[in-house]
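The structure appears below as C-alpha cells.
The values are calculated or read from the model by the stated rules, or taken from the named source; none is laboratory data. In this text the structure is predicted, and so the values were computed from the model without any measurement. Glycine also receives a Cβ, built like all others from the backbone with ideal geometry; neighbour counts cover every protein chain displayed.
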Amino acid sequence: MMDDTDRAIVNALQGGFPICDRPYAEAAARLGIAEEELIARLERLLAEKVLTRFGPLYNAERMGGAFTLAAMSVPEEDFERVAEAVNALPQVAHNYRREHALNMWFVVATDSREAMDAVLREIAERTGLEVFNFPKEEEFFLELKFAA
C-alpha cells in the first residue's frame with residue numbers, strides 16, 4: 001500500500017531526476033525527506049512491484065546506437081522456452097505477450113545497426129523461429145505521466 005509520501009515520490013520523479021553528484025539527496029530534499037528514506041522507499045516500491053523499474057530512459061539512436069521493435073509467432077506450447085531464450089539476451093527489453101498471430105513482441109537496443117541485426121539473427125537461430133523486424137519510421141514524443 002502506498003502512503004502520501006510514496007505517492008509524492010512517484011509523482012515527483014516521473015518528470016525528471018536530478019543530474020548531479022548526489023541525485024538522491026537532491027530529490028529527497030525537494031520532497032522534504034532524507035536521502036536514505038527516499039532510497040529505502042524506492043527499493044520497497046520496486047520489491048513490492050508497485051514500480052516495475054526506476055531508472056533513466058536513453059535514446060539509443062542519439063547515442064549512436066540502434067533499436068527496433070520485433071515480433072515472433074510462437075507456438076503456445078513453446079512460449080516459455082522461447083521467452084527464456086529471448087529474454088536471456090541483454091539487448092532485449094520490454095518483452096510482451098499479445099493475443100495476435102505475432103504473439104511475442106520485444107524491443108532490441110544495441111550500440112549499432114549491425115549489432116541489432118546480429119541479435120535478431122541470433123534470436124532466430126536460438127529459437128528456430130522467424131523474427132519480424134519493425135523499425136521505427138517516425139517518432140512522436142508522448143510525455144505520459146500517471147498521478148499516484
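Quick notes
- Filter result (more than 16 Å from ASN11 (Cα to Cα) and free of Cβ contacts under 8 Å to residues at least 12 places away in the same chain) within segment 21-36: ASP21, PRO23, ALA25, ALA34, GLU36
- Hits in segment 38-56 (condition: without any contact (Cβ under 8 Å) to a residue 12 or more places away in the chain and either surrounded by 12 or more Cβ atoms within 10 Å (Cβ to Cβ) or under 15 Å from ALA148 (Cα atoms) (or both)): ALA40, GLU43, ARG44, LEU46, LYS49, THR52
- Applying the criterion of being part of a helix (DSSP H, G or I) and surrounded by 14 or more Cβ atoms within 10 Å (Cβ to Cβ) to the residues of segment 93-117, the residue that is modelled with the lowest pLDDT is ARG113.
- Qualifying residue in segment 42-60 (condition: within 15 Å of ILE123 (Cα to Cα), part of a loop (DSSP other than H, G, I, E, B) and not acidic (Asp, Glu)): no
- Close pairs (7 angstrom Cβ cut-off, 6 or more residues apart or separate chains): in the same structural domain as LEU42 (by TED's automatic domain parsing) and more than 17 Å from ILE39 (Cβ to Cβ) in segment 1-20, at pLDDT below 95 and basic (Lys, Arg) anywhere: GLN14/LYS145; GLY15/LYS145
- Residues of segment 63-81 that turn out to be β-branched (Val, Ile, Thr) and farther than 19 Å from GLU139 by Cα, as a count: 1
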